[in-house]
1. Going residue by residue through the range 100-117, is there one that turns out to be over 22 Å from Glu26 (Cβ atoms) and free of Cβ contacts under 8 Å to residues at least 60 places away in the same chain?
2. For the condition open to solvent by 60 Å² or more (accessible area, probe 1.4 Å) and either polar (S, T, N, Q) or not in a loop (DSSP other than H, G, I, E, B) (or both), what is the one hit in Asn87, Asn70?
3. Looking at (1) crowded, with 16+ Cβ neighbours inside 10 Å; (2) more than 16 Å from the chain's Cα centre (by Cα); (3) over 30 Å from Thr18 (Cβ atoms), find the lone condition where Ala133 falls short.
4. Scan the range 32-49 and report the pairs whose first residue is among the β-branched types (Val, Ile, Thr) and whose second residue is open to solvent by less than 60 Å² (accessible area, probe 1.4 Å) and in a strand (DSSP E or B), with Cβ atoms within less than 8 Å and a gap of 6+ or a chain change.
5. Is there a residue in the range 103-110 that is touching a Leu at 6+ places or on another chain (Cβ under 7 Å), open to solvent by less than 60 Å² (accessible area, probe 1.4 Å) and more than 23 Å from Phe41 (Cβ to Cβ)?
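The values are calculated or read from the model by the stated rules, or taken from the named source; none is laboratory data. Note that this is a predicted model, so its numbers are computed, not measured. Because the Cβ atoms are built from the backbone with ideal geometry, glycine has one as well, and the counts that use them run over all protein chains shown. Keep in mind that these areas ignore ligands, DNA and RNA; they rest on the heavy atoms of the full protein, side chains included. Shrake-Rupley method; radii C 1.70, N 1.55, O 1.52, S 1.80 Å.
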Amino acid sequence: MTVVPATTYAASNDKQVTIYLTRHGETTGNVMQRVQGSSDFPLTKNGITVANDLGYGLKGIKFKHAYTGNLTRQEVTAQQALKYSANPNTKITTTPMLREGGYGSFEGDSIEADNQKIANVYGYQDGKQFQQATGKDYWNKLQDAYHKLDMDNSQNTKLAKSDRAESSA
């Protein structure tokens with residue numbers, strides 16, 4: 001699990017605010033190589049251990065507040081990290097605004113099975129070439145490819161358009 005280096009911002013009252021960003025721990029979906037945007041796959045035992053270790057690594061830092069998406073993997077990661085960083089009483093605000101993007105009819109698919117479809121949207125030979133070519137834009141382009149494929153109903157589902165994959169926007 002990676003913690004983005006602390007970023008400090010000047011608050012409106014000229015006090016500095018430091019923000020720490022991290023990703024959730026390993027999930028059953030990660031282990032099974034499944035597409036899991038808004039699907040609520042739980043953390044594995046290893047994922048919980050990593051969230052605990054994140055907390056140990058943040059020990060000594062006093063958090064005034066924490067924010068998390070509304071998926072179980074996000075909430076449990078935040079709870080465990082706060083618990084093991086000696087911040088068990090820190091208020092956590094849970095919001096769908098921080099959840100991962102939805103992949104619509106592709107949720108739960110095999111990542112490997114979708115790689116070729118995604119690469120084809122942009123004219124790449126395969127998923128590896130697509131990822132290498134897009135670099136830091138990979139995740140947004142991936143989300144947009146799922147969106148395009150789902151809006152074109154490539155999965156041939158009866159899923160309502162409002163429940164299909166989101167765009168990166």
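1. The first filter runs over the range 100-117 and keeps only residues over 22 Å from Glu26 (Cβ atoms), leaving 104-105, 116-117.
Narrowing the set further to residues that are free of Cβ contacts under 8 Å to residues at least 60 places away in the same chain leaves 116-117.
For the range 100-117, residues over 22 Å from Glu26 (Cβ atoms) and free of Cβ contacts under 8 Å to residues at least 60 places away in the same chain: present.
2. Details: Asn87 fails: open to solvent by 60 Å² or more (accessible area, probe 1.4 Å).
Result: Asn70 is the single residue among Asn87, Asn70 that is open to solvent by 60 Å² or more (accessible area, probe 1.4 Å) and either polar (S, T, N, Q) or not in a loop (DSSP other than H, G, I, E, B) (or both).
3. Every condition holds for Ala133 apart from (1).
4. Matching pairs, first to second residue: Val35/Ser110; Thr44/Thr27.
5. no
Conditions (1) in contact with a strand residue (DSSP E or B) (Cβ under 6 Å, 6 or more places away or on another chain); (2) open to solvent by less than 60 Å² (accessible area, probe 1.4 Å); (3) modelled with pLDDT under 95; (4) over 26 Å from Trp139 (Cα atoms), marked per residue:
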residue: Val3; (1), (2), (3), (4): yes, yes, yes, no
residue: Lys15; (1), (2), (3), (4): no, no, yes, yes
residue: Phe41; (1), (2), (3), (4): yes, yes, no, no
residue: Thr44; (1), (2), (3), (4): no, yes, no, no
residue: Gly55; (1), (2), (3), (4): no, yes, no, yes
residue: Leu58; (1), (2), (3), (4): no, yes, no, yes
residue: Lys62; (1), (2), (3), (4): no, no, no, yes
